[in-house]
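Visitor: If you scroll down you'll find the structure; I have some questions about it.
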C-alpha cells in the first residue's frame, strides 16, 4: 500500500514502505556501532512520538499543535534514518514534480481500471 506523506520541511513527498524487519535489523546494527548516539536519538524520537500521540488523542489540542508534534516526530525519525545505511531507509522521497507525475500516472491507471478508458501511457517528466 502506498502511504504518501509530506516530509517535515514540506518540500517533498515520502512514500512509506512497510518492511519493518530490515529497518529493525539496521537499527540494531547502528546501536552496536554507536550505542550512545543511537540511544539518544531513540529517546528523542520516543518523546516526540509520545507527544504526537498525546496531541492526537487530546480533544482540546489545536490542529496547529498536532501539526507541530507531527513535524517534530518526522524530524526525530529523519535523524534516526541518518544513522542508518541508505539501503535501510525504506521510504522513497519524491520531488514535487515527481510526486505530481506519480499522481497523474496513478489517476490514469485508476480511471482505466474503473472506467475502461484507453490504456494509460507512460509519460516522462522533466
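None of the figures in this text is laboratory data; all of them are computed from the coordinates on show. All figures in this text were calculated on a predicted structure; none of them were measured in a lab. No Cβ is skipped: glycine too gets one built from the backbone with ideal geometry, and neighbour counts run over all protein chains shown.
Visitor: For the stretch 19-90, just list the percent of Cα-Cα distances falling in each 5 Å bin from zero outward, please.
Guide: Answer for the stretch 19-90: a P(r) of 3, 18, 22, 21, 15, 11, 8, 3, 0 percent.
Visitor: Here's a follow-up. In what sequence do 24, 41, 80, 115 fall when counting other Cβ within 10 Å, fewest first?
Guide: Numbers: 24 11, 41 21, 80 18, 115 8.
Ordered by Cβ neighbours within 10 Å, fewest first: 115, 24, 80, 41.
Visitor: Taking neighbour Cβ counts within 10 Å as the exposure measure, how do 37, 76 sort from fewest upward?
Guide: 37, 76
Visitor: Taking other Cβ within 10 Å of each residue's Cβ, how do 78, 9 sort, fewest first? Please list the in-between numbers first.
Guide: Numbers: 78 17, 9 10.
Placing the least packed residue first, the sequence is 9, 78.
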